[in-house]
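Here the structure comes first, spelled out in structure tokens, and everything after it is commentary.
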């Protein structure tokens, strides 16, 4: 957990006490108008309701009940610590993810990523305080197919965020609608990428990523162990596959592969890419080409996030993607 020792992570840790069911942060406040410089104040937060959760822990909605932020809301992710720190299969490796959260909470990334307000811990859990999104996540809106123009805007925003992540040496590893938060809804979608895979890295990366297997998942074949890799690690191409799957589902309101057998057949070249659902929705050929390229079986054949941003479907500045043409 080398990330815990980085300056970014250390500087973003909040001085915290837990008193009577509330969370208290000691914060330094400066106010030039009042001649106050770095005065220590108490900030108290209380839980209001559970927003969601899973095996990793719980996400809570909290309200500031005392301090300069009184009345403000935040989301707090509670990540349970393992019962035994010596167990390699249960130990949470959240250091690098905390580093990613701290880095991408910089103001210059504010348009693309969920902003963290800091993190804190006790003997039982690690807590990450984040901006609260009243409109929820993108999964909430997957009740019907989206117009292609809206999908183009959504994919463009996600590709831009992924490009920043990948160019800084980070891979999300768990990109899906449930990890994409909605700042503004249609017709002017504004989305932010969240989670950073922090709750998925349990023990080794290999074990953590393979737990995502399912009949309707967003994980790339190499994450599921379905194709051999030259080395033990996954590349950022796993995020591009997930991006293609997100586009497919938004356009059709159904998964690309409805069961594992169909996915296996595609990977083993016993079947072609399932383009019928896209054709039935009158999805443009440029869009279909993007999805097919993004979901190429071999990671090396998928475009980079930068190439996605410049592809003909997203941008008027055309950079061709490698893909196998769809049957006409």
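The values are calculated or read from the model by the stated rules, or taken from the named source; none is laboratory data. On a predicted model such as this, the values are computed, not experimentally measured, just so you know. Note: ideal-geometry Cβ built from the backbone for every residue, glycine included; neighbour counts use all protein chains shown.
With the condition kept exactly as written, say whether any residue in the range 201-214 is modelled with pLDDT of 75 or more and in contact with a helix residue (DSSP H, G or I) (Cβ under 6 Å, 6 or more places away or on another chain).
no
Which is part of a loop (DSSP other than H, G, I, E, B), loosely packed, with under 14 Cβ neighbours inside 10 Å and at pLDDT 85 or above, of 108, 70?
Selected residue: 70, the only one of 108, 70 that is part of a loop (DSSP other than H, G, I, E, B), loosely packed, with under 14 Cβ neighbours inside 10 Å and at pLDDT 85 or above.
Kindly indicate which of 128, 198 is in a strand (DSSP E or B), crowded, with 19+ Cβ neighbours inside 10 Å and modelled with pLDDT under 95.
Details: 198 fails: in a strand (DSSP E or B).
Residue meeting the stated conditions: 128.
Restricting attention to the range 5-31, report how many residues are at pLDDT below 85 and either surrounded by fewer than 16 Cβ atoms within 10 Å (Cβ to Cβ) or under 16 Å from residue 129 (Cβ atoms) (or both).
Here is the first cut: in the range 5-31, the residues at pLDDT below 85 are 5-8, 29-31.
Next, only the ones that are either surrounded by fewer than 16 Cβ atoms within 10 Å (Cβ to Cβ) or under 16 Å from residue 129 (Cβ atoms) (or both) stay: 5, 7-8, 29-31.
Residues flagged as at pLDDT below 85 and either surrounded by fewer than 16 Cβ atoms within 10 Å (Cβ to Cβ) or under 16 Å from residue 129 (Cβ atoms) (or both) within the range 5-31 amount to 6.
Across the range 246-255, which residue is surrounded by the fewest Cβ atoms within 10 Å (Cβ to Cβ) among those that are within 17 Å of residue 174 (Cα to Cα) and without any contact (Cβ under 8 Å) to a residue 60 or more places away in the chain?
The qualifying residue surrounded by the fewest Cβ atoms within 10 Å (Cβ to Cβ) is 255.
Could you tell me which of the residues 50, 37 is assigned to a strand (DSSP E or B), modelled with pLDDT of 90 or more, exposed (fewer than 14 other Cβ atoms within 10 Å of the Cβ) and not assigned by TED's automatic domain parsing to the domain that holds residue 181?
Only one candidate qualifies: 50.
For the range 134-156, give me each residue that is in a loop (DSSP other than H, G, I, E, B) and surrounded by fewer than 19 Cβ atoms within 10 Å (Cβ to Cβ).
134, 135, 136, 142, 143, 144, 145, 147
So which residues in the range 262-276 are surrounded by fewer than 18 Cβ atoms within 10 Å (Cβ to Cβ) and either without any contact (Cβ under 8 Å) to a residue 40 or more places away in the chain or not assigned by TED's automatic domain parsing to the domain that holds residue 150 (or both)?
262, 264, 265, 268, 269, 270, 271, 276
From 98, 162, grab the single residue that is modelled with pLDDT under 90, in contact with a helix residue (DSSP H, G or I) (Cβ under 8 Å, 6 or more places away or on another chain) and outside any strand (DSSP E or B). So that I can check it myself, show each step before the final result.
On the way: 162 fails: modelled with pLDDT under 90.
Answer to the check: 98.
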